[in-house]
Amino acid sequence: MKSIFEKIINREIPAEILWEDEVCIVIKDIEPQAPFHCLVIPKRKIERIALAVESDGKTIGHLLIIARQMATDHNLDSGFRIVINNGAEGGESVPHLHVHVLGGRQMKWPPG
């Protein structure tokens, strides 16, 4: 069964796309937790960060570079947060690795 992200990548369901290249797609989060909240999603499915292997390193590095670019493009100069959830207790809701980029407000610590 395809994840919601695979359906978005395949254009089977709509999403607000902010960026796309051969490695990843960036969409606005439909339940934003900050004034700016996007998801950087690899097109090749990696189920979760705990299951990533060494050969996934280039893809994961690219996701982080694009996350930084999204922060720059959306004027998050005073700060932003990058989050990768892993597993049920880590807040993972979709079994397809993705990077949250949040900004536009003061972030709290600990995050919750």
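Brief remarks follow.
- Picking from residues in region 55-112 that are closer than 20 Å to K43 by Cβ and among the hydroxyl-bearing types (S, T, Y), the one that is surrounded by the fewest Cβ atoms within 10 Å (Cβ to Cβ) is S55.
- All conditions but one from (1) surrounded by fewer than 16 Cβ atoms within 10 Å (Cβ to Cβ); (2) within 19 Å of S3 (Cβ to Cβ) apply to C24; the one that does not is (1).
- Qualifying positions in region 27-54 - open to solvent by less than 40 Å² (accessible area, probe 1.4 Å) and within 15 Å of V94 (Cβ to Cβ): I27, D29, H37, C38, L39, V40, I41, P42, I46
- Here the strands (runs of 3 or more DSSP E) wholly within region 1-82 that include at least 3 residues being free of Cβ contacts under 8 Å to residues at least 24 places away in the same chain are 24-28.
- Selection within region 1-16 - under 14 Å from the mean Cα position of the chain (by Cα) and loosely packed, with under 13 Cβ neighbours inside 10 Å: E16
The values are calculated or read from the model by the stated rules, or taken from the named source; none is laboratory data. Just so we're clear, the structure is a prediction, and the values are computed from it rather than from any experiment. Cβ sites come from the backbone with ideal geometry, for glycine too, and all protein chains shown count toward neighbours. Calculation scope for accessible area: heavy atoms of the full protein, side chains included, ligands and nucleic acids excluded. Shrake-Rupley method; radii C 1.70, N 1.55, O 1.52, S 1.80 Å.
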